Amino acid sequence: MVRARQGDREAFSQLIMQYQVPLYNMALRMVGSREDAADITQEGFLRAWEKIRTLRDAPFKSWIFQITVNLCYDHFRRGRRYGVMPDEEQGGKIVGLGIALPDPQERAEANERARVVRDSIEALDHDMRTALVLRDINGMTYDEIAGILGVPLGTVKSRIARARAQVQESLQRNPDLFPTRREDAHGD
Amino acid sequence: MATEPTPDQLSAYVDGELQSSERSQLEAHLVTCSTCRSRLDALRQTVSALRALPMESPPRAFTVPAQRRQSVTRNWAPVGWLGGAAAALLVVAFGISQFHGFPAGASTASRSNVSAGAGAASRAAALAAAPIPQPSNGAFAPDHASSVLNNDVLAGQQGTVTAPGASSQSLTVSTDAKTYAATGVLTVRIDQRGLTRAEASTVRLLLTRGGYAVRLGAPTNQAGFPTAFEASYSIAGMPLPTPRDGSYSLQVTVDLASGSSLVAQLPIAITP
């Protein structure tokens, strides 16, 4: 970090390597299009590179995520529609070791589940979507999300809960793909 | 917890974000309330479905220019420093600093026509000013050139070709944009892997449209040549066919000792 802040490009390249996948995937789930997500991520790194000397005590992770989240909001303000994603397996390469799905029907179902989940994220308003993505895609803590979004912890908690409730409703409209337990009558 | 937990509390419980006392109360309530246990199960399934979305690798490499643009000194505050208006100002400042930051010796056309956006401008400005020899074969000479880091591609677009049966031999070509103004600057980056110096030195760049091609000279005097280098060409000076705007193809060819060649092609659009 110190070397990157002093203008060491190699050191900054290490930061790019470390954060490119989580940042790109955050942007991808925010805007939906791989191309737009890559553009946003690239611009986020460029802005961070320009400004990193001004970064003092704040953690780089929160800072670069805040820059990129703001770029996503700029994207929304320009009225860009949510990107149409092809099936996961037809598009970008998947990072890490996934579970092999040799059965074509299982593969088709997995793709369909992913499509429904993506659609349910798209249906969220921007604030809820951002909080949900930072939590459930990027695995951030509520404190980190509050710092990135500049909102109180209670707001983060509430946005995530409401977003999940809305996603849950969408998933429950597809019981074949997402079988869920019916709620029992209250009380034991 | 005498009353049912709120949706916020259940959601925070799934995330391990409740205070210990609140968590204990909620867990005590769950023991006696099947409805809340069902709600919790459903919530957990929803979270699992969200987290099952695969993490994808980016479709291209990300990079930053060798030299940072000068920016006003301002310590980062944890919240909201890059709001909409500030971001707009930043973009303007970005372009201005680039204009003034262009290396001495750049041609007027190069300075005034970096038109592919702030990112492309910064990359063009990052090139070290270096005297470029006129190609002996009459090819169109670059205005600027530099050596580049391995694995470093420009953000506009990229293409990689590998030798059949020898995947360690590859040619990667990237450009700083896909679309250029007829008065803009085309920056090309070449990265050759697993080739002998003799093979890599055969690299040739052509900007083609229909049956016509402009030969672009490679910066043979750069330290990075021939394995990893970058060159910028002022489009205004190129002997392009009329009308100058249209769909072109950047074709980069390297001859291999085996008698075959690696050929990478990238589409280039030139606008009026």
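Coordinate-derived values only; no laboratory data. A quick note: this is a predicted structure, and the numbers were derived from the prediction, not measured. FYI the Cβ positions are ideal-geometry reconstructions off the backbone, even for glycines, and counts take in every protein chain you see.
Residue by residue, the range B:210-225 carries 3J(HN,Hα) couplings of x, x, 10, 9, 9, 7, 9, x, 8, x, 5, 8, 7, 4, x, 6 Hz when phi is fed to the Karplus relation 6.51 cos²θ - 1.76 cosθ + 1.60 (θ = phi - 60°); x denotes Gly or Pro.
Distant-in-sequence amide contacts of B:Gln169, defined by a placed amide H-H separation under 5 Å and a gap of 5 or more residues or a different chain, comprise B:Ala163. Once backbone amide H atoms are built at 1.01 Å from N, A:Leu55 has B:Trp76 as its partners under 5 Å, excluding neighbours fewer than 5 places away on the same chain.
Karplus-derived 3J(HN,Hα) values for the range A:35-51, using 6.51 cos²θ - 1.76 cosθ + 1.60 with θ = phi - 60°, are 5, 5, 5, 5, 4, 5, 5, 4, 5, x, 5, 4, 5, 5, 4, 6, 10 Hz; glycine and proline are entered as x. For the range B:1-57 versus the range B:247-272, the spacing of their alpha-carbon centroids is 56 Å. B:Ser260 sits among other residues whose Cβ lies under 15 Å from its own Cβ, and their net charge, with Lys and Arg +1 and Asp and Glu -1, is -1. Multiplying each eigenvalue of the alpha-carbon gyration tensor of the range A:100-148 by 5 and taking the square root yields semi-axes of 29, 14, 4 Å, largest first, rounded to whole angstroms. Partners of B:Lys178 within straight-line reach, counting aspartates and glutamates whose Cα lies under 18 Å from its Cα and excluding those fewer than 8 residues away in the same chain: A:Glu35, A:Asp36, A:Asp39, A:Glu43, B:Asp152, B:Glu230, B:Asp245. Suppose we look only past 22 Å in the calculated P(r) of the range B:151-272. What percent of the Cα-Cα pairs does that tail hold? Within the range B:151-272, distances greater than 22 Å cover 31 percent of Cα pairs. The residues A:Leu149, A:Leu177, when put in order of fewest to most other Cβ atoms within 10 Å, stand as A:Leu177, A:Leu149. Between amide H atoms placed 1.01 Å from N, distances below 5 Å from B:Ile268 occur with B:Tyr248, B:Ser249, B:Leu250, all of them 5 or more places distant or on a separate chain.
What order do you get for A:Cys72, B:Cys33 when you list them from fewest to most C-beta neighbours inside 10 Å? Provide the component values of the computation, followed by the final result.
Working: A:Cys72 23, B:Cys33 19.
Going from least to most buried by this count: B:Cys33, A:Cys72.
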